[in-house]
Amino acid sequence: MAITSLLDRVSRSSTLDSTFQIRQRRSTVGTELYAGFITFLAMSYILAVNPAILGGIEGMDRGAVFTATALAAAFATLIMGLFGNYPVMLAPGMSMNGFFKGMLLSGSVALLWHEALFGIFLSGLVYLAFSLTRVRKRMIESIPEDLKLAITVSLGLFIAFLGLKNAGIIVSNPVILVSLGDITDPQIAIAFISLFVALGCMVRDIKLATFIAFIASIVLTLLSDAFLGTQYAPLPEQWITAPPSLAPTFGQIFNFEFLTVDKLFDLLFIVIIFFIVDFFDGLSTIVGVGRDAGIIDKNGKVPNARSALVADAGGTVAGTVLGTTSITAFSESGIASSQGAKTGLAAVTVAVLFLASLFFYPVFSLFSTAIVAPAMIVVGIYMVGRLGQIQWDKKESRIAAFFTIMFTILSFSPANGMAMGFISYAFAMVVAGKGRQVHPIIYGLSAIFVAYLVML
């Protein structure tokens, strides 16, 4: 009771209330703090997943990536909370870190990791410029909704496929390309069990499904090490330490030896693809959470839209300098609004917790890509839910969605999928006699994508 009374007195503080409009939005400090804490738990897996994914790229130090992840997430979420006043939390995007790794390891681009990261830095600057001007409205309206949905779905399937591969559930096969892994292997069995635990949570509408999949995988892995003698997650000697140094990744994006024509083209492509995905993904999350929290009215007016988008774009710029992939608004932010959060105080709470997590690197360093794989699969399942929103009765939408999704999965490259999606959409619209309905931006991007495919 004493704590509740104290929080109520704090919520009536003129400074706090004027900053976050707590009473105006019919919320309390206690509600905002609790919602922020629960949301941090739900998205804290990114502190293990991002270093596990990016740390597998030659030249990217896992400890430095961890520190970059925590700092970039804290910075962007703090800006969102203080200036956007939305209960929206940001961190390195799950789909884009997997895409980044797959793009580099598959040889889709002729860039080193820090050069590719520089491309994301430039995309963040473009995003920031668009957020500060009215051009953002034209950009939003230029790309068809069905194409945006197809891109989101393709990224969801890609990250799920990557998770299945990392877990060993799906393995390569020289005859039929891929096949099912040995489910009697303890590591694969753990992934399967953790995945189905999460599926049960999803069916029962438990919003912490991703976090629960992560925790289930950790617990089962530790039990396997204890009773089966495996060494999947050896316990550290220390649990609390100083944050790992940023030196291996900080500022490396500006370290260029030379840029060939091929690299310049690949750089341009990265700028385009990351800008498009980050811009629309961030906007959709901000709008979705804003509606749930009652911040956005029935007419669809988005208050502080510029500040919210600047936080999203600024996070990407800062994150790439620190040494991680693009920052985006997390869908787990919906958990905060479902718990009653209506202001940016919940986001500020999450930012503080990200900063505190810097001292727990030994805990998060336990987790391999196999351990975090179930969480990746769950994220993919959530993202693929937008498949039903595509207007399949429209042939041009059906064709573009099909090409986007199929080429993303079968060529193991969201870049190829997006390229084929734009090209096929423009082509189908012209053949259907609807060429004038296509925005010039689409034709321009399609031309760039054609050149990209020719240069592969």
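On full extension, the segment bounded by S18 and F427 gains 142.0 nm, given 0.36 nm per residue less the C-alpha separation. Ordered by the count of other Cβ atoms within 10 Å of each Cβ, fewest first, H114, H439 give H439, H114. Label positions at Q391 and L268, each projected 7 Å from the Cα along the C-beta direction, are separated by 3.2 nm. For segment 377-456, chymotrypsin sites (Phe, Trp or Tyr not before Pro) meeting the loop criterion (DSSP other than H, G, I, E, B) and having at most 10 other Cβ atoms within 10 Å: none.
Footprinting exposure proxy ranking of K434, K101, fewest other C-beta atoms within 10 angstrom first, gives K434, K101. Shape class of segment 91-235 from the alpha-carbon gyration tensor: prolate, with a/c at 1.5 or above and a/b greater than b/c. Remark: the A451-T260 segment gains 67.2 nm on full extension, using 0.36 nm per residue and subtracting the alpha carbon distance.
Subtracting the Cα-Cα distance of S411 and E145 from 0.36 nm times their residue separation leaves 93.4 nm of extension gain. Using the Cβ-Cβ distance between F37 and I240 with R0 = 25 Å, the FRET efficiency computed as 1/(1 + (r/R0)^6) comes to roughly 0.80.
The trypsin sites (Lys or Arg not before Pro) found in segment 125-201 that occupy coil by DSSP, while having at most 13 further C-beta atoms within 10 Å, are R134.
Once you reduce segment 145-186 and segment 310-377 to the center of their Cα atoms, the two points are 24 Å from each other.
Annotation: peptides 149-155, 270-276, 200-206, 84-90, ranked by per-residue average of other Cβ atoms within 10 Å with the highest first, follow the order 84-90, 149-155, 270-276, 200-206. Each of D262, D312, D393 was scored by other Cβ atoms within 10 Å of its Cβ. Arranged with the fewest first, they read D393, D262, D312.
Summarising the label geometry, the points placed 7 Å from Cα in the beta-carbon direction at A129 and V178 lie 3.7 nm from one another.
Only the coordinates and a few stated rules stand behind these numbers; no lab work does. The structure presented is a predicted model; accordingly, all values stated were derived computationally and were not measured. Cβ coordinates were reconstructed from backbone atoms using ideal geometry, including for glycine residues, and neighbour counts include every protein chain displayed.
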